[in-house]
Amino acid sequence: MPGIARVGAAVGLMCALGACQPKHDAANAGDSVAVAAAPAAAPVIVTVHARDFAYDAPDQIAAGMTTFHLVNDGPGVHHLVLIRLDSAKTAADLQAAIKNPGPLPGWAVLSGGPNAAEPKGESTATVDLAPGNYVMLCFVDIPNGVPHFAKGMVRPLTVTAATTASAAAPATDAVVSLSDYTFALSQPLTAGRHTIKVETAPGQPHELVLVQLDPGKTEKDLLAWMPKEQGPPPGHVVGGASPSTSGSPVYVSVDLVPGKYLLICFLPDGKDGKPHFMHGMMKTVDIA
Ligand SMILES: [Cu+2]
């Protein structure tokens, strides 16, 4: 069928020119996101703006490989955690459930997303979303220990069945495996722009927060700073993978400059409630 072959070639060319990555902005809030007529060569990009304390985002998107571009317009640090609500549960049910400490109920499935972005910073991650009802939520509790979802940073997102084939997973140049309680890297990370596959092993859910340490600072400085958050922090967040369960990889796009970085998981432990970094889930890497 030469007609179809020609259409395919044209789509390929447009993709090469950067024309087939539709951007969906806060301006489209309330709209359903249109999907390209041909199988997408790259994941659809959904731009979400975070501010203190709300997300500006579409209400509805199509299922499949989706890149979430989190733009932090607020003065505080924020991230975007996607949680799928099964069993007809609602955002109100989730908000009631997360008032209790401990693991999320089984109907709330941690599905990744872009982790912490600095004020005026950005964070980007790609996930493969199944159709369903989701919420976007911020667990960050800086400053003063009150999680941002309690201040309004929780927003429903409906993921509808896709009408076209999903894009393939992004090409990656490293894998970081999260397990109870370690970060394992497939190879040393290097400076430059990378897409890193972050996958959680069977066991508890985990997250990857990437912190770039200021020159001369170490993880001890961060641990000393965190309880009171007094004075300037010894580093700054540069994204990572929001919490996910096994089987839901997160593809993190990040631009690394040479320096010392920390990989940290803050998720509360399923057994004793302590953050996972207190169980050893904290790793310093030198990037050259
Ligand atoms: Cu927040």
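No value in this document is a laboratory result; all are computed from the given coordinates. What you see is a predicted model, and the numbers here were worked out from it, not measured in a lab. Methodologically, a virtual Cβ is constructed for each residue, glycine included, from the backbone with ideal geometry; neighbour enumeration extends over all protein chains shown.
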| query | Restricting attention to region 48-86, which residues are within 11 Å of the ligand (Cβ to nearest atom) and either assigned to a strand (DSSP E or B) or at positive phi (or both)? | reply | 50, 51, 54, 55, 70, 72, 78, 81
| message | Condition check: touching a Phe, Trp or Tyr at 6+ places or on another chain (Cβ under 8 Å) and not hydrophobic (A, V, I, L, M, F, W, C). Does residue 245 satisfy that? | response | no
| Among residues of region 140-149, those that are farther than 20 Å from residue 250 by Cα and near the ligand (Cβ under 10 Å from one of its atoms), counted | 5
| field | Which numbered condition residue 167 misses (of (1) touching a residue at least 12 places away in the same chain (Cβ under 8 Å); (2) touching a Ser or Thr at 6+ places or on another chain (Cβ under 6 Å)) | value | (2)
| query | Quick check, is residue 172 of a type in the set (S, T, N, Q) and exposed (fewer than 15 other Cβ atoms within 10 Å of the Cβ)? | reply | no
| query | Among the listed residues 188, 215, 170, 156, which satisfies the condition of being in contact with a helix residue (DSSP H, G or I) (Cβ under 6 Å, 6 or more places away or on another chain) and not aliphatic (A, V, I, L, M)? | reply | 156
| said: Just the residues that are in contact (Cβ under 8 Å) with a residue 60 or more places away in the chain and basic (Lys, Arg), please, taken from region 192-228. | reply: 193
| query | Could you say which residue among 200, 218, 195 is of a type in the set (Val, Ile, Thr) and farther than 26 Å from residue 68 by Cα? | reply | 218
| From the list 129, 137, which one is more than 16 Å from the ligand (Cβ to nearest atom), in contact (Cβ under 8 Å) with a residue 24 or more places away in the chain and surrounded by 15 or more Cβ atoms within 10 Å (Cβ to Cβ)? | 129
| field | Members of region 235-273 found to be closer than 20 Å to residue 122 by Cα and either among the charged types (D, E, K, R) or without any contact (Cβ under 8 Å) to a residue 12 or more places away in the chain (or both), listed by number | value | 255, 260
| field | Test set (1) surrounded by 15 or more Cβ atoms within 10 Å (Cβ to Cβ); (2) without any contact (Cβ under 8 Å) to a residue 12 or more places away in the chain - residue 232 fails condition number | value | (1)
| Hey, residue 107 hits all of (1) over 26 Å from residue 42 (Cβ atoms); (2) away from the ligand (no atom under 13 Å from the Cβ); (3) in contact (Cβ under 8 Å) with a residue 40 or more places away in the chain but one; which does it fall short on? | (3)
| field | Residue satisfying condition, being away from the ligand (no atom under 16 Å from the Cβ), within 26 Å of residue 59 (Cα to Cα) and of a type in the set (A, V, I, L, M, F, W, C), within set 161, 184, 117, 191 | value | 161
